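Structure first, then comments.
The values are calculated or read from the model by the stated rules, or taken from the named source; none is laboratory data. Treat the numbers as computed from the prediction; the structure is a model and nothing was measured. Methodologically, a virtual Cβ is constructed for each residue, glycine included, from the backbone with ideal geometry; neighbour enumeration extends over all protein chains shown. Only protein heavy atoms, including side chains, enter the accessible area calculation; ligands, DNA and RNA are left aside. Shrake-Rupley method; radii C 1.70, N 1.55, O 1.52, S 1.80 Å.
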Amino acid sequence: MIDRNQEPFIRIRGLHKRIGWQEILRGIDLDVWRGETLCIIGPSGEGKTVTMKHVIGLMQPDAGTVQVDGIQVNGLRERELAPVRQRVSMLFQNAALFDSLTVERNVAFPLLEAGVRDKKEIKDRVREALEVVGLDKHGDKLPVNLSGGMRKRAGIARAIVTRAQCILYDEPTSSLDPVVSDVIDTVILRLQERHGITSLVVTHDMKSLFKIADRIAMLKDGLLLFLGTKEELRASENPVVQDFINGRAEVDF
């Protein structure tokens with residue numbers, strides 16, 4: 001349930017980032033409320049994933065601040081990021097599973113990294129995470145024996161096994177067919193509804209966007225072009241917004 005009576009779970013202020021000669025972000029202000037699913041959209045190369053990586057400390061800003069559950073992330077050393085990464089997990093585009101480990105061992109990996117040694121606790125938490133994503137009957141399989149959608153779901157199970165409060169999704173439905181994409185969307189909604197998980201989702205999938213998003217942020221030219229609900233996005237009179245969500249391009253051959 002979205003709670004706007006507390007401080008935002010994620011608070012970004014004045015975020016600037018340059019990579020080489022290119023200024024990717026030019027002063028982003030963005031809040032993500034506890035229990036909310038906020039989707040970030042925009043053309044490729046506009047800084048969507050870059051913004052997300054700042055939240056978990058994989059990138060450091062040139063200017064500005066990023067706070068997660070009251071902790072300022074920017075400026076922290078790698079070992080100091082542990083409390084943040086206990087609260088926030090990230091699902092990368094390819095799910096980043098270890099090919100040589102079974103699904104169960106992949107999902108258990110973050111617990112072992114966190115120092116959990118009780119075998120029964122690990123087994124119970126892995127089973128619980130796999131049940132949430134509907135993979136409880138596939139724990140003994142290797143990633144090579146899973147479909148693309150199943151690998152994404154295994155990645156989600158690994159993200160939630162630590163009981164993180166927030167999951168960052170980088171293109172969770174990319175390269176998936178519409179039916180499998182809908183399964184991933186349903187899992188994201190289930191995590192929000194049943195477990196109160198906060199989600200920050202980078203996506204180009206408009207069908208997915210209109211199913212899962214509570215609010216949408218659109219980036220363009222390193223700035224926040226739009227921030228609002230699905231209804232406000234559909235009603236926007238900005239031609240750049242309308243062209244993007246409707247897949248229109250002006251091409252002069």
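Determine whether ARG77 is under 27 Å from ALA114 (Cα atoms), touching a residue at least 60 places away in the same chain (Cβ under 8 Å) and open to solvent by 50 Å² or more (accessible area, probe 1.4 Å).
no
Restricting to the stretch 102-158, and then to whatever is among the acidic types (Asp, Glu) and out of contact with any Lys or Arg (no Cβ under 7 Å at 6 or more places or on another chain), can you tell me which residue is modelled with the lowest pLDDT?
Among them, the one singled out is GLU113.
Got a number for residues in the stretch 7-24 being part of a strand (DSSP E or B), open to solvent by 10 Å² or more (accessible area, probe 1.4 Å) and not basic (Lys, Arg)?
6
Which ones in the stretch 226-240 are over 29 Å from GLU193 (Cα atoms) and either in contact (Cβ under 8 Å) with a residue 40 or more places away in the chain or not acidic (Asp, Glu) (or both)?
Result: ASN238, PRO239, VAL240.
Which members of the stretch 52-74 meet the condition of being touching a Leu at 6+ places or on another chain (Cβ under 8 Å), part of a loop (DSSP other than H, G, I, E, B) and either hydrophobic (A, V, I, L, M, F, W, C) or open to solvent by less than 20 Å² (accessible area, probe 1.4 Å) (or both)?
ILE56, GLY57, VAL73
Taking into account only those residues within the stretch 25-51 that are among the acidic types (Asp, Glu) and open to solvent by 10 Å² or more (accessible area, probe 1.4 Å), which is nearest to the chain's Cα centre (by Cα)?
The extreme case among them is ASP31.
Determine which member of the set ALA95, ALA108, ALA82 is open to solvent by less than 60 Å² (accessible area, probe 1.4 Å), in contact with a Gly (Cβ under 6 Å, 6 or more places away or on another chain) and not acidic (Asp, Glu).
So the residue among ALA95, ALA108, ALA82 that is open to solvent by less than 60 Å² (accessible area, probe 1.4 Å), in contact with a Gly (Cβ under 6 Å, 6 or more places away or on another chain) and not acidic (Asp, Glu) is ALA95.
Quick check on THR49: is it part of a strand (DSSP E or B), within 21 Å of MET90 (Cβ to Cβ) and either modelled with pLDDT under 95 or among the hydroxyl-bearing types (Ser, Thr, Tyr) (or both)?
Against the criterion (part of a strand (DSSP E or B), within 21 Å of MET90 (Cβ to Cβ) and either modelled with pLDDT under 95 or among the hydroxyl-bearing types (Ser, Thr, Tyr) (or both)), THR49 does not qualify.
Looking only at the stretch 132-139, decide whether some residue is within 17 Å of the chain's Cα centre (by Cα), of a type in the set (D, E, K, R) and surrounded by fewer than 21 Cβ atoms within 10 Å (Cβ to Cβ).
Looking for residues that are within 17 Å of the chain's Cα centre (by Cα), of a type in the set (D, E, K, R) and surrounded by fewer than 21 Cβ atoms within 10 Å (Cβ to Cβ), one finds none in the stretch 132-139, hence no.
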